[in-house]
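Notes follow once the structure below has been shown.
Please treat every number below as a calculation from the coordinates, not as lab data. Bear in mind that the values here come from a model prediction, so they are computed numbers and not experimental data. Neighbour counts run over all protein chains shown; Cβ positions are idealised from the backbone, glycine included.
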Amino acid sequence: MIELDNVAYSYSGAAILSGVSLQLAPGSFHFLTGPSGSGKTTFLKLCYGALRPTEGQVSIFDEDLAAMDRDAVAMARRRIGVVHQDCQFLDHLPVAENVALPLTVSGQASPDQADNLRELMTWVGLTEKFEALPPELSGGERQRAALARALILSPDVILADEPTGNVDWEMSQRLLRLLVELNRMGKTVMIATHDLMLIRAAKSLVNARNLRIAGGTLQAAGVDL
Amino acid sequence: MSALDRIKTLAARDAGADRVVPPAGFTVRLTLFTAAAMAFLTVFALALSLAAGRLATSWGEDLARASTIRISAPEGQLAAQTAAVLRVLEQTPGVASARALSPEEQRALLEPWFGPDLPVESLPMPQLVEVQETGDGYDADGLRLRLQAEAPGAVLDEHSRWRRPLVTAAGRLRLLGWVAILLIGAATGAMVTLAANAALAANAQVIAVLRLVGATDGYIAGAFVRRFTLRTLAGAAAGTLIGLLALLVMPAGGDTGGILTGLRFAGLQWLWPLFVPPLAAVVAFFATELAARRVLGELA
């Protein structure tokens with residue numbers, strides 16, 4: 001799906017990541033941990049083409065990122081669902097339209113999608129919030145709306161950056177179960193988090209690979225975190 | 001996507017794309033107002049250019065007509081001096097043709113003053129010579145000197161020569177009008193670029209969200225381009241309308257009018273201002289397109 005080969009990323013001379021190699025196989029489930037500021041977000045951005053590596057090679061769906069123009073990256077993002085910690089929305093549009101935004105921008109919006117949208121909103125528990133504006137949502141509701149938006153195009157890969165950062169324990173459990181459920185449906189999932197409790201809680205649900213970023217490099221972390 | 005495709009999409013109007021850009025109150029009104037003001041000014045510059053053009057043409061035709069040489073000489077010398085004048089004219093560069101008027105033509109000229117029964121033959125009438133100039137005209141001072149030497153009784157009468165600088169001035173005025181229109185067009189483009197840049201900067205979050213969910217640059221640019229193009233079109237249409245109304249209520253000076261009272265359109269020229277709003281929209285289209293592409297190119 002997504003492959004990094006000896007990738008380095010530096011910003012104005014300072015190396016943030018170096019020597020990173022990883023293959024995200026279809027249907028795999030990864031946790032990515034590491035202290036704040038260790039480069040988890042940078043790593044994810046490299047995975048969905050928001051950043052280009054300063055060294056090494058990133059392949060997204062078997063295409064070399066270096067050879068992809070901006071439109072090609074846009075097309076690849078329709079197959080990658082991204083959930084940020086501070087998820088942003090179009091604040092002037094109701095939640096339902098925000099969730100359906102990937103359909104709109106890819107020209108796939110049609111009345112047939114209404115059922116799909118309703119089903120997805122029910123699945124993430126936002127049935128009541130169809131017409132609400134994003135600023136009216138709570139932190140947990142925003143995370144779930146972002147997840148729904150990331151899923152509406154039925155992507156192959158889901159990259160979540162601290163999806164449980166702004167929510168309480170119960171809500172983070174719920175989001176985790178949603179992501180595990182997606183993984184069982186065959187999606188590739190990667191969750192960046194510094195919440196070790198969450199990783200422990202996932203142990204009984206899914207066979208996850210744990211990765212750790214520290215000192216600018218990516219290492220396989222033990223299963224016993 | 002080519003510009004043509006983009007214009008097609010623009011006409012098709014994708015409601016979804018229109019909604020992704022939040023409605024902004026103040027820049028909308030500013031763009032509308034500026035487009036209206038620019039169109040209003042364009043209508044006047046256009047009227048000025050066309051009026052100056054008409055003036056230059058009609059005065060130029062007057063000029064092209066003719067000058068006259070009047071030969072007053074004692075009875076016996078008249079024929080000799082006339083022949084001398086015609087010879088001089090033949091050799092003068094800038095003179096297309098020259099011809100002595102017949103007695104019948106001279107009588108016809110005098111008829112309005114003295115009636116048809118005037119015995120012209122018995123009067124010491126001066127001989128008139130009609131001179132047709134070429135486009136370049138002749139050197140009047142040089143011709144006067146030569147006439148003085150060859151035919152002392154000949155007087156060169158350039159009845160419309162004084163208008164020549166005015167024709168040049170009218171031509172310049174027309175040019176200035178067109179330059180003003182070009183400048184207004186460029187200023188409109190600059191204004192739309194500034195407004196579009198401001199809108200793009202104010203909507204950085206919107207653009208980031210759209211990029212994240214897989215919108216292409218063309219889609220994002222299109223949403224902004226559509227908004228600014230339609231706004232400019234509406235503003236320019238209003239400005240053009242007001243400009244035309246203002247021209248309509250200008251007092252007409254009739255035939256005696258000069259550049260001031262002639263500041264209006266004539267006949268089919270009234271159709272010209274109708275091109276102002278579409279042209280303003282085209283300028284806005286390309287200005288926003290360029291601004292959007294530049295801003296988007298700098299983003300991740």
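With an 8 Å Cα cut-off and a minimum separation of 6 or more residues, compute the relative contact order for chain A in percent. Walk me through the intermediate numbers first.
Details: 402 pairs, mean separation 66.7, N = 225.
That works out to 30 percent.
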Legend entry - Computed over segment B:178-300, the ratio Rg/Rh where both radii use C-alpha atoms and Rh is Kirkwood: 1.17
Inset, instruction - Go through segment A:57-73 residue by residue and turn each phi into a ³J(HN,Hα) via Karplus (6.51, -1.76, 1.60, θ = phi - 60°); whole Hz please, and just put x for glycine and proline. - result: 10, 10, 10, 10, 6, 6, 10, 6, 4, 4, 9, 8, 7, 4, 5, 5, 5
Inset, instruction - Scan around A:H30 for amide H atoms under 5 Å from its own, H built in the peptide plane at 1.01 Å from N, and keep only partners 5 or more places away or cross-chain. - result: A:V189, A:M190, A:I191, A:R209
Inset, instruction - With viscosity set to 1.002 mPa s and temperature to 20 °C, compute the Stokes-Einstein D of chain B, Rh being the Kirkwood radius across alpha carbon pairs; µm²/s, no decimals. - result: 88 µm²/s
Legend entry - Dipole axis of chain B (+1 Lys, Arg; -1 Asp, Glu on Cβ), positive-most option in B:V276, B:L55, B:L212: B:L212
Legend entry - Total charge dipole magnitude, the protein assembly as shown, about the Cα centre, Cβ charges on Lys, Arg, Asp, Glu only, Debye to nearest 20: 1320 debye
Legend entry - Spread of Cα-to-Cα distances over 5 Å intervals beginning at zero, given as percent, for segment B:73-152: 3, 14, 22, 21, 16, 14, 8, 3, 0
Inset, instruction - Report the one residue of A:L175, B:I181, A:G49 whose Cα lies farthest in the direction of the positive end of the charge dipole of the protein assembly as shown (charges on C-beta: Lys and Arg +1, Asp and Glu -1; origin at the Cα centre). - result: A:L175
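Nothing charged except the Cβ atoms of Lys and Arg (+1) and of Asp and Glu (-1): what's the magnitude of the dipole of chain A about its Cα centre? Round to the nearest 20 debye. Could you put the intermediate results ahead of the total?
Values: 20 positive and 26 negative charges, 98 e Å.
It comes to approximately 480 debye.
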Inset, instruction - Taking every Cα atom in the protein assembly as shown, find the radius of gyration and the maximum pairwise distance Dmax, and write them in Å. - result: 40.6, 137
Legend entry - Inter-site label distance for B:D141 and A:W123 at 7 Å from Cα along Cβ, in nm: 9.5 nm
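Let me spell out the model: positive unit charges on the Cβ of Lys and Arg, negative unit charges on the Cβ of Asp and Glu, origin at the Cα centre of segment B:73-152. What dipole size does that give, in debye rounded to 20?
Using only the charged Cβ atoms, the result is roughly 200 debye.
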Legend entry - Lys/Arg +1, Asp/Glu -1 at C-beta; chain A dipole; positive extreme among A:L93, A:A146, A:A74: A:A146
Legend entry - Label point distance in nm, B:E90-A:A14, each placed 7 Å from Cα along Cα→Cβ: 9.8 nm
Legend entry - Estimated inter-spin distance, B:E111 and A:M185, nm [label 7 Å along Cα→Cβ]: 10.3 nm
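Relative to 2.2 N^0.38 Å, what does the C-alpha radius of gyration of chain A come to as a ratio? Two decimals please. All intermediate terms of the calculation are to be shown ahead of the outcome.
Working: Rg = 17.2 Å, N = 225, 2.2 N^0.38 = 17.2 Å.
Working it through for chain A, the quotient is 1.00.
Which whole-number percent is the relative contact order of segment B:146-290 (Cα, under 8 Å, 6+ apart)? Write down the numbers at each step before the final one.
Values: 74 pairs, mean separation 49.6, N = 145.
Over segment B:146-290, the number comes to 34 percent.
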Inset, instruction - Using only Cα atoms, tell me the angle between helix A:113-123 and the longest principal axis of chain A; keep it within 0 to 90° and round to the nearest 10. - result: 70 degrees
